[in-house]
Each structure stands twice: as structure tokens, then as C-alpha cells.
1. Only Lys, Arg, Asp and Glu count, each charged at its Cβ (+1, +1, -1, -1), so figure out the dipole size of the range 68-201 about its Cα centre, rounded to 20 debye.
2. What does the charge count near A306 come to, summing +1 for each Lys or Arg and -1 for each Asp or Glu among other residues with Cβ under 12 Å from its Cβ?
3. Please label the shape of the range 262-421 as rounded, prolate or oblate, based on the square roots a ≥ b ≥ c of the eigenvalues of the alpha-carbon gyration tensor (a/c under 1.5 means rounded; beyond that, a/b larger than b/c means prolate, else oblate).
4. Going by Cα centres, the range 103-171 and the range 1-52 are how many Å apart?
5. Once the Cα atoms of helix 20-35 and of the chain are each reduced to a long axis, what angle between those two axes, in degrees from 0 to 90 to the nearest 10, is obtained?
6. Rounded if a/c is under 1.5, else prolate if a/b beats b/c, else oblate: with a ≥ b ≥ c from the C-alpha gyration tensor eigenvalues square-rooted, which is the chain?
7. Tell me the chymotrypsin sites (Phe, Trp or Tyr not before Pro) within the range 356-389 that lie in a loop according to DSSP and have at most 14 other beta-carbon atoms within 10 Å.
8. Is the shape of the range 77-127 best called rounded, prolate or oblate, per the rule: a/c under 1.5 gives rounded, else a/b larger than b/c gives prolate, else oblate, with a ≥ b ≥ c the square roots of the Cα gyration tensor eigenvalues?
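Each reported figure results from applying straightforward, stated rules to the coordinates on display, with no laboratory input. Since this is a predicted model, take the numbers as computed values, not measurements. Cβ placement follows ideal geometry from the backbone for every residue including glycine, while neighbour counts extend to all protein chains displayed.
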Amino acid sequence: MDLVTSFVELVQQVAFVFTAPTFNSFLTVLTGWVFARRRVITRMIEAADAVDSKHHSAFHRVFSTARWSLDELGLATLGLIEPWLDEGAVLLSLDDTLARKRGLKVFGVGMHHDPLLSTRKTALTNWGHSWVVLSVIVSFPFRPDHYFSLPILFRLYVNKKTATKKGLRYRTRPELAVEMLAALCKRHENRRFHVIGDSTYGGQSVLGHLPENCDLTSRLDLEARLYDAPPVRKPGTNGRPRKRGRRLPSPRRMLAQRTRRVGLNIYGRRDRARVADQVARVHAVPERPLRIVAVEPLTGGRRTQAFYSTCHEASAEQVLTWYARRWSIEETFHDAKGHLGFEQPQSWTRKAVERTAPTAMLLYSLIVLWFAAEGHRHYRVPNRPWYRTKSGASFADMLNTLRCESVREQVLLLGLHGRGSRNVMKTLFNAVQQAA
């Protein structure tokens, strides 16, 4: 089984990251990843019909020992995304997700918070890998009302207990996030970036260490201490200059004062809310002015929340709209786990662990990019009368379109008489058998 030529041509644009033999094996793995029922290396090479092409250990070595950089592959994928970006700041989403695992010898596993099992009152943990993911938020013409988060950079978070046991330097999730932002912003020094993250990535450890060409929008505690700019220092004044100005109302107190009502098109619906905003500085990073927004939803059932953005000249509506786009990374995690088997690879050495699972996320980005450039022309809306409100192609539709076009191209290249007819049956049988 081979992937359609248009998709292979897209992937070949990042081939410079690999050596020629490694890229050929990597492309075979991607082919199997698209068609396999279960995303482990042996099932992938079986789905790609490459069992006899070389020894199976060669495909394992693509992730365990081959010399290529996951960061370079992610940054090369950003190059494929750039034609779809606006001229302004590149919008990024930042979050972490849990990949459940089994086994004690798998590198980097530990107990991590499980958001699917936890509730607001009870926090539960699970055994597995915790991945910090940096994605690019982009909208495409085939579905202009929807935003996609396309993953490009990844870091495996190892908890303190596991790091101590393995003799590794412990780094928090925000530290890993800053490392990825620094790598991205250094590579594109003349480009402006704007990252959106939840409260985990909105504290001092990220806000105080942002690259110069990167802004941040995140959540804020309702009782956060806010301050005005420090007063101008008068000549001849003794002592240390003041870092903070007068105390300003907290976000909760902002809502108790004069507010305004706004309507917002966020999270796929029309919401109304009471909003109060001001320019202030937080206690931990007093040198940076922020746009503080406190919001009390009037519809939608959400709680009272507060947000901030380092783009202090932005309006409250802009800040809330930016933060709402962060939800697209949650959809990416859901689709990468449900349709591409993000949690299924069974690697256990360090290099293999740090490369294999992120490949599923990068494949997600490649499939969406292919669909935006070529696949949407071949997409046929399925006849599903029970989905009356569906507005566009989902990732499952994109993946199915890629499979169908790959099979269609192979069938058209075969003769339809003599031995060709048997080859047609073999190809179709293989496609149906390996369909996920």
C-alpha cells in the first residue's frame, strides 16, 4: 500500500531532516500509520505491505537510533504551514496531554494528572507519559469558521520522582514550554509570535521568560494582586526605585464595579457576558503591562473567570476571542488519540519514546495541510441525515479521504484485464482489511 502522490510530495518537503535511507523507512512508517488498525511498528510495516522490503528492526531504528532531530522536523513542518498564515503575529497554542502507558521499564513514565477521569472536586492520576505540545493555530479556506491547532514541537515531562530515580535534571512543564518557545522564536527572529495557554503556562515562570518576539495570553486568578505603573522617580530621591505603583482592584473587584455587556462569537456559539478590563501589572512581573479582562458569562453556563494578555493595547473582546481559540488544541489531542493512536506505540528506550508518539501529532499536521491544499477537492460529504448541524469536514473525514485517494490512485495505475484484475482485488482487499 502506498500513499497518494500529492501527500508524498508534501512529506518530501521535510525530507532534508533525514538521510535518504532513513526517510524511505520513515515514509513507510507514515504509510502504515495511516492504514494500520493498531499503531505499533510491526503493524505499520504490515499495513504498508513492507514486511519483505527490509528487516523489521530497520524500521524500529528510525526512532530508536537514527540520527535526526524531532525539533528540526517540527520546525520544517512550520515551513509547510507558513503559506497559510497571515502577515501578522503567528498564533500558537500551548498545552499538555496524558498518554496512558503500561510497564515499569518504559522511559519517562510516571503518575500524572488525568483530566478525563478527574472532576472539579476530585483530582485523579494515571500511569503514563505527559507531553507538552506547542502548536500553530491556523484557519483554512475549506472551513473558514474553524481553527486547527497543528503540533510542531514537543517535550516529554518527567515528574520529580521519576527524574530523581533516573538521575535526570528535573524540569517543570512551564520550563519545557519556555524552551520550545525559545527554540521557535530564535529560529524566526523577524517573526512575531503570540502563544495562548491555560493557567499552567500563565505564571511567572513563563510570563517572566518570554522571548522578545513573543506575546502571551492566559488565565489569571480572580484574586490576583494588580498594580499600576511605578511613579516617575524624582531627581535626587534616595533609596531603591519603586517597582510597582498603586494597588489596583483585583479581577473579582473589577466585576463589582462598572462593567459593560458584550456579545461574543466563541466556542462555536453566540455568548453574552459582563466584562470589565484595565491595563495593570501583576505582582510577580511588575515591569510588563498587561490587559486584564474579568468576565462573568450571562449565557453558556461558564464560571466567572479572568484573563490577561501581554498585548495590552488589545480590547477585551480580542483577548477573550484569542483565548477561545486555545480549544482547538484539545480537539487535536482528541483526534490524535482517537484516530492516529497517539497512545499506542510501545517504545521503551529514551530516544524511541521521545520520537515515536510525537510522530502521530506531526502526521496530524501533515494530513490537515494535505487536505487544505489538495484533499478537500476530493472530499464528498457522506449521507448522514442524523448529523443535521455538521458544518464541515472533521479530521476523521480528512483521514478517510486520504485513504480513499491512496487506494483510488493505485487502482487506476493497474491494468483492468488479465493479471491486473487480480492485483485490483488484492489492493482492495488489503485496503479493507487494514482500514481503521
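1. On the way: 19 positive and 13 negative charges, 214 e Å.
Result for the range 68-201 is approximately 1020 debye, rounded to the nearest 20.
2. Values: positive: R219, R252, R253, R291, R303; negative: D221, E223, D277, E296.
Neighbour charge sum, excluding A306 itself: +1.
3. Details: a/c = 3.17, a/b = 1.90, b/c = 1.67.
Judged from the Cα gyration tensor, the range 262-421 comes out prolate (a/c at least 1.5, a/b above b/c).
4. Using only Cα atoms, the two centres lie 25 Å from each other.
5. 90 degrees
6. Working: a/c = 2.25, a/b = 1.74, b/c = 1.29.
The shape class here is prolate.
7. Numbers: sites: Y364, W370, F371, Y379, W386, Y387; in loops: Y379, W386, Y387.
Of the chymotrypsin sites (Phe, Trp or Tyr not before Pro), the ones in loops of the range 356-389 whose Cβ has at most 14 other Cβ atoms within 10 Å are W386, Y387.
8. Numbers: a/c = 4.91, a/b = 1.93, b/c = 2.54.
Because a/c hits 1.5 or more and a/b fails to exceed b/c, the range 77-127 counts as oblate.
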